[in-house]
2 protein chains.
Amino acid sequence: MAKTHKAIHTPGLEGALDRLEHLCRARGQRLTRQRRAVLSSLLSAGRALSAYELLERLRPEDGKSTPASVYRSLDFLMTLGVVHRLESTRSFIACEHPETPHWVQFLICRRCGQVVEAEDERIAAATESLGQRLGFALDQRVVELTGVCEGCRGSAARH
Amino acid sequence: MAKTHKAIHTPGLEGALDRLEHLCRARGQRLTRQRRAVLSSLLSAGRALSAYELLERLRPEDGKSTPASVYRSLDFLMTLGVVHRLESTRSFIACEHPETPHWVQFLICRRCGQVVEAEDERIAAATESLGQRLGFALDQRVVELTGVCEGCRGSAARH
DNA sequence: GAGTATTTGATACAAAGTATCATTAACCAG
DNA sequence: CTGGTTAATGATACTTTGTATCAAATACTC
Ligand SMILES: [Zn+2]
Ligand SMILES: [Zn+2]
Ligand SMILES: [Zn+2]
Ligand SMILES: [Zn+2]
């Protein structure tokens, strides 16, 4: 009944959890067990998960998680910027470079589900300038580019 | 019991329905009453509607519409390019310039719900080039920029 | 270690989207 | 203007995704 963390070796997991702790402290917000579990689950998944997939991964460790509580934790982690939501797949993914606040773009492979988080300055500049030109004060930018990744195209001779 | 169309005067409605007819004919696809009704309902709404809002607007004229059939019509109209789906608000909107196939961006006002459909070349070029750089063959680009429109900022002195 | 405000658990529900299969209707040919 | 054919719809039931409410638990401060 050792209750030590499972020694999953996800690169950067420890660092990410430390960062989470600091972020919470800096903002005077509480770091709860579930918030930690949600982030760490997303990190070790290594891919985007729906809220309910996430819930299932939490269950073994924490049988009393509910959809509402998972969504609450996800919302919290998103305001901290350490988790992003993919609108076009209704799923959530851990941020790949949460050091800085950022406007990012996602590239999503429709075959293997791989998601790459990019931070392209041309896109950032172009969207910002479009917003200004049309008189919008933007506060959220969803840029999700779906297609087929290189690997999948390679292994797609037929079909 | 006159079953003539209601004489709603939405600018461009007739033109849009004609275009729909031609598109269907050109592709050898069927133009059904419901498909016409869905497009015309979206057009006269003049804003984005959720599938269920749309369903309610269809009901008075066509009491036997169901969610499934509405979604089917929407999917059809989207493949034709005359309707777009807004991922970030889970809603649908008639295309504002369906003449040409296009990659568009949406600006969405979070206060009044206004949606502007833009076709910005810098964004198109930048996203395409990002895709190439990362090895993705893109087939879908979701660019949805949310903020507050000029009008709403004006009338927002307080709050 | 106790106090307090925040978070969570439990429950129930709302909203969004899909599967299946028998029936209907759009289109075409004649 | 018939039918005949095939794609689309209707009916039904269900899955997935997301929220509201309020009492109980817990993270943080002192
Ligand atoms: Zn990020
Ligand atoms: Zn792939
Ligand atoms: Zn359009
Ligand atoms: Zn507005």
*Let me know the mean shielding of B:123-135 by other chains, meaning the per-residue number of their Cβ atoms within 10 Å of its Cβ.*
6
*Out of the DSSP beta bridges found with both residues in the protein assembly as shown, what percent are antiparallel (nearest 5)?*
80
*asked:* Just to be sure I understand: of the beta bridges DSSP finds with both ends in segment A:105-158, what percent are antiparallel, rounded to 5?
replied: 50
*asked:* Using each residue's phi in segment B:100-111, evaluate 6.51 cos²θ - 1.76 cosθ + 1.60 at θ = phi - 60° and report the 3J(HN,Hα) Karplus result to the nearest Hz, with x for Gly and Pro.
replied: 10, x, 7, 9, 10, 10, 10, 10, 10, 8, 6, 8
*What average number of partner chain Cβ atoms lie no more than 10 Å from the Cβ of the residues making up B:97-109?*
2
*Rounded to the nearest 5, what is the percent of antiparallel bridges among the DSSP beta bridges in chain A?*
70
*For the protein assembly as shown, what is the mean residue ellipticity at 222 nm derived from helices alone (per DSSP H run of n ≥ 4: -39500 (n - 2.57); sum divided by total residues; nearest 500 deg cm²/dmol)?*
-13000 deg cm²/dmol
_Can you classify segment A:8-94 as rounded, prolate or oblate using the Cα gyration tensor, where a ≥ b ≥ c are the square roots of its eigenvalues, rounded means a/c under 1.5, and otherwise it's prolate if a/b beats b/c and oblate if not?_
rounded
_List the residues, sorted by chain then number, that are 5 or more residues from B:Val83 or on another chain and whose placed amide H is less than 5 Å from its amide H._
B:Met78, B:Cys95
*What's the average, rounded to a whole number, of partner chain beta-carbon atoms within 10 Å of each residue's beta-carbon in A:85-93?*
2
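Quick note: the coordinates plus some simple rules give every number you see, no bench work behind them. Worth saying up front: this structure is predicted, and the values here are computed from it rather than measured. Note: ideal-geometry Cβ built from the backbone for every residue, glycine included; neighbour counts use all protein chains shown.
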